[in-house]
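The values are calculated or read from the model by the stated rules, or taken from the named source; none is laboratory data. All of these numbers come straight from a predicted model, not from anything done at the bench. Here the Cβ positions follow ideal geometry from the backbone for every residue, glycine too, while neighbour counts run over all protein chains shown.
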Amino acid sequence: MSEMDQVFETIEEARQKGEPVAVATVVRVNGSAYRREGAKLAVDASGNVHGTISGGCLEPDVAEVAKEVLRSGQPALRHYDLDEDTVFSLGLGCSGTVDVYIEPVVSQTPEDSEHA
């Protein structure tokens, strides 16, 4: 199963269970970064991350932001500077910037659509 399939499967499973899920999408990359625009990950209600948007350095913070997005219902845009000397010191070899849009996925069951 591809990584994108895993993200979409997580969304579908959450929808079927009526549970919240947030999706984070890389929307802008400047310079060097592990993933490009369009990379996605899903964060379920338990904070589990499905998919990747970086070499592992962004996922923990994005998961925390996703939990807040799920609590508030409001999407968020985060800007990450991957300069390893000033921010992460992980030596990943990336020195660009990445903007990530994190949004809640609204679960609509068949019963909900009948009443809309």
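Do we find a residue being modelled with pLDDT of 90 or more and of a type in the set (Asp, Glu) anywhere in region 69-91? Steps first, answer last, please.
Initial filter on region 69-91 (modelled with pLDDT of 90 or more): 69-80.
Next cut, of a type in the set (Asp, Glu) only: none.
Scanning region 69-91 turns up no residue that is modelled with pLDDT of 90 or more and of a type in the set (Asp, Glu).
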Contact list, first residue from region 2-31 and at negative phi, second anywhere and among the acidic types (Asp, Glu) and buried (at least 20 other Cβ atoms within 10 Å of the Cβ), beta-carbon distance below 9 Å, six or more apart or interchain, is Thr10/Asp44; Glu13/Asp44; Ala14/Asp44; Glu19/Asp44; Pro20/Asp44; Val21/Asp44; Ala22/Asp44
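Can you confirm whether Val49 is at negative phi, surrounded by 17 or more Cβ atoms within 10 Å (Cβ to Cβ), touching a residue at least 24 places away in the same chain (Cβ under 8 Å) and in contact with a strand residue (DSSP E or B) (Cβ under 9 Å, 6 or more places away or on another chain)?
Values: at negative phi: yes; surrounded by 17 or more Cβ atoms within 10 Å (Cβ to Cβ): yes; touching a residue at least 24 places away in the same chain (Cβ under 8 Å): no; in contact with a strand residue (DSSP E or B) (Cβ under 9 Å, 6 or more places away or on another chain): yes.
Judged against the criteria, Val49 is not a match.
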Counting just the residues of region 9-61 that are acidic (Asp, Glu) and assigned to a loop (DSSP other than H, G, I, E, B), which one comes out farthest from Ser95 (Cα to Cα)?
Glu19
For region 30-43, give me each residue that is buried (at least 20 other Cβ atoms within 10 Å of the Cβ) and modelled with pLDDT of 90 or more.
Ala39, Lys40, Leu41, Ala42, Val43
Do you know which of the residues in region 61-73 that are in contact with a strand residue (DSSP E or B) (Cβ under 8 Å, 6 or more places away or on another chain) and either farther than 13 Å from Ala24 by Cα or not β-branched (Val, Ile, Thr) (or both) is surrounded by the fewest Cβ atoms within 10 Å (Cβ to Cβ)?
Gly73
